[in-house]
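Bear in mind that the values in this text are calculations on the coordinates, not laboratory data. Predicted, not measured: the structure shown is a model, and the values here were computed from it. Cβ sites come from the backbone with ideal geometry, for glycine too, and all protein chains shown count toward neighbours.
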C-alpha cells in the first residue's frame, strides 16, 4: 500500500474512533484575575479535585490543563455525566478556594461546549496543550507538570510510572486526598506524593488514537496560529501568539515580500489585521512591524 493511501486509511480509522465515542465536550473555567494556585501543594489539590470529580461522575477525561487561574478539560461521556462532573468539580473547587483564602468562586460559571467533529477535537486538544507554552517562558507543552500533554506519544512513559493504588493507601492518606470522608475511586487511580497521577485518570491512549500519527499531533501543537485565536474568541479568552508565529503569519499575507520592505500603507493594513484576526496587543504589533520602510 502506498503512503498516500495508508494516510487516508488511518484518517478513516480516526473518524470511526471519534464517531464511536460518547459525545465529547470541552469544559472551560473563566480566567480569574487572582491566582487559584499559589504553590505546588495547591496545584496538587486542584489535580486531585479534577480526578475525583471524574471518578465519581463517570466522565472520561481525554486531555486537560490546569493553569494558575483557569482550567481546560476535554472529555467524553453523556450529557448527564459531563454536567455531574462540572457540578462536583465546581463544588469541591469552591470549598477549596474558600478554605485557603485565594478568592471567591461564588459566581463561577463553567462553560461546556460539545465537540462535534474530529478536526475540532484535534484543534481543541492542541489549544489545551499549548496554553503553558504560549504564556510561560520556562515551559514546553510536555514539560508542564499540570497538564496531560506529557502523556501523549511518550514512549518513555512506562519507565516513569510511579505511585501506589489509591485503595492501598491508609485511611488517613485517603482522607487527606479527598479532603473529606473517604470516597470510593476507580481501582486504576494511582497516587504519588499525595497526587492522583494523570496517567491513571486521563484516557490518553484514546486521545492519541484520534490523531493520524505522532507527527500530525506535534505539527498541530506547535503551529496553530489563527485556529488558536478562533477558539480563544469562542471561549472569551485573551491570547497572545508567540512573536515567531505572528511573524510567519504576517509574512504569509505579503507572499514574496519581506516585512521590512513593506511601505507605510501596507504596515497599517497589517497592523489592523493583526489586531482583528490575531488579537495582537499593541506592543506586539510594534515589535513585529518596528522596521521603518525604506525610502
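Worth pointing out:
- Ranked packing of 61-74, 147-160, most packed first, by mean Cβ within 10 Å: 61-74, 147-160
- When the Cα convex hull of the chain is projected onto planes of every orientation, the mean area is 18.3 nm².
- Distance between the stretch 261-277 and the stretch 106-136 - C-alpha centres, whole angstrom: 29 Å
- A Förster radius of 41 Å, combined with the Cβ-Cβ distance separating residue 20 from residue 263, puts the computed FRET efficiency at roughly 0.15.
- Note on residue 69/residue 169: beta-carbon distance plugged into 1/(1 + (r/R0)^6) with R0 of 30 Å gives a FRET efficiency of 0.45.
- Figure legend: label point modelled 7 angstrom from the Cα of residue 136 along Cα→Cβ; residues of the stretch 40-72 with amide N under 15 Å from it are 40-47, 64-72.
- Measuring nothing but how far apart in sequence close Cα pairs (under 8 Å, 6+ apart) lie, relative to its length, the stretch 13-88 scores a relative contact order of 40 percent.
- For the options 122, 198, 175, a Gaussian network treatment of the chain with springs between C-alpha atoms closer than 10 Å singles out 175 as fluctuating the most.
- Sequence ranges 264-271, 128-135, ranked by mean other-Cβ count within 10 angstrom, highest first: 128-135, 264-271
- Structure remark: mean-square fluctuation, Gaussian network model of the chain, C-alpha springs under 10 Å; the largest value among 41, 244, 11 belongs to 244.
- Measuring nothing but how far apart in sequence close Cα pairs (under 8 Å, 6+ apart) lie, relative to its length, the chain scores a relative contact order of 19 percent.
- Rough spin-label spacing in nm, given labels placed 7 Å along Cα→Cβ, for residue 277 and residue 215: 2.8 nm
- Adding -39500 (n - 2.57) for every DSSP H run of four residues or longer, then dividing by how many residues the chain holds, sets the calculated 222 nm ellipticity at -15500 deg cm²/dmol.
- Burial order of peptide ranges 83-94, 279-290 (average beta-carbon count within 10 Å, highest first): 83-94, 279-290
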